[in-house]
1. Could you bin all the Cα-Cα distances of the range 26-167 into 5 Å bins starting at 0 and give me the percent of pairs in each, rounded to whole numbers?
2. Pairs Lys54/Lys152; Lys45/Lys79; Lys79/Lys113; Lys35/Lys83; Lys23/Lys98: which exceed 24 Å Cα-Cα?
3. Want the number for Lys98 to Tyr115: 0.36 nm per residue separation, take away the alpha-carbon distance, what's left?
4. Normalising by the residue count of the range 29-152, find the relative contact order in percent from Cα pairs under 8 Å and 6+ residues apart.
5. For the chain, what is the accessible area per residue in Å² when the probe is 1.4 Å?
6. Could you report the accessible area of Arg24 in Å², rounded to 10, computed with a 1.4 Å probe on the protein chains as they sit in the structure?
7. Using unit Cβ charges (K, R positive; D, E negative) and no other charged atoms, how large, in debye to the nearest 20, is the dipole of the range 1-150 about its Cα centre?
8. Amide H neighbours of Ser127 under 5 Å, counting only residues 5+ apart in sequence or on other chains, H built in-plane at 1.01 Å?
Amino acid sequence: MHIRVLNESDAPLYQQIRLTALKRSPEAFGSLYEKEAQFSMEMVKERIRPTQYKFVLGAFDDRGSLGGIVTFVRETSLKMAHKGNIFGFYVLHECRGKGLGRRLLLELLSQVKAYDGLEQMNLTVVSDNHPAKRLYESLGFETYGVERRALKYNGQYYDEDLMVLRL
């Protein structure tokens, strides 16, 4: 697998894996498949366009297929610019169990170390997603709180753990 920052030309591949994530794991994301399936390709391009405050990493196999994604977004306000956030982390089911998720997160953490003044990374994870929580904890993330009933999907509530990694 080759990991790199996605650009606008990757929008169709990104949209495909993003919609797969929303369809297969709807409880894990704040957005809905039905909403994002309506996004124009221009909207998707804008979403993944790298800036000084955000980027999306993708993991590609030798055939050019995208097997995993993760998004970094830095806070922009002066009082919060010391924090970055991890969003939209997803690895296709057929690519799991091979260390791909770990490699994506390690690459993200490696890249954000170059950001001047960035001191911590935050993320949220559905509380009963034990494999993801184990991965985050193995990289040094710690749970600092739980938001009860953070998400509601099909009448069921999901708690989310709030996690932080001090850089």
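The values are calculated or read from the model by the stated rules, or taken from the named source; none is laboratory data. Everything numeric in this text was worked out from a predicted model, so none of it was measured. Here the Cβ is made from the backbone with ideal geometry for all residues, glycine too, and neighbour counts use every protein chain on show. The protein model used for the area step is the full one, side chains on, heavy atoms only, and it has no ligands, DNA or RNA in it. Shrake-Rupley method; radii C 1.70, N 1.55, O 1.52, S 1.80 Å.
1. In whole percents, the pair-distance histogram is 2, 8, 17, 21, 21, 18, 10, 3, 0.
2. Beyond 24 Å between Cα atoms: Lys54/Lys152; Lys45/Lys79; Lys35/Lys83.
3. 3.2 nm
4. Values: 121 pairs, mean separation 22.2, N = 124.
Relative contact order of the range 29-152: 18 percent.
5. Details: 9280 Å² over 167 residues.
It amounts to 56 Å² per residue over the chain.
6. Accessible surface of Arg24 is approximately 120 Å².
7. 140
8. Asp159, Glu160, Asp161
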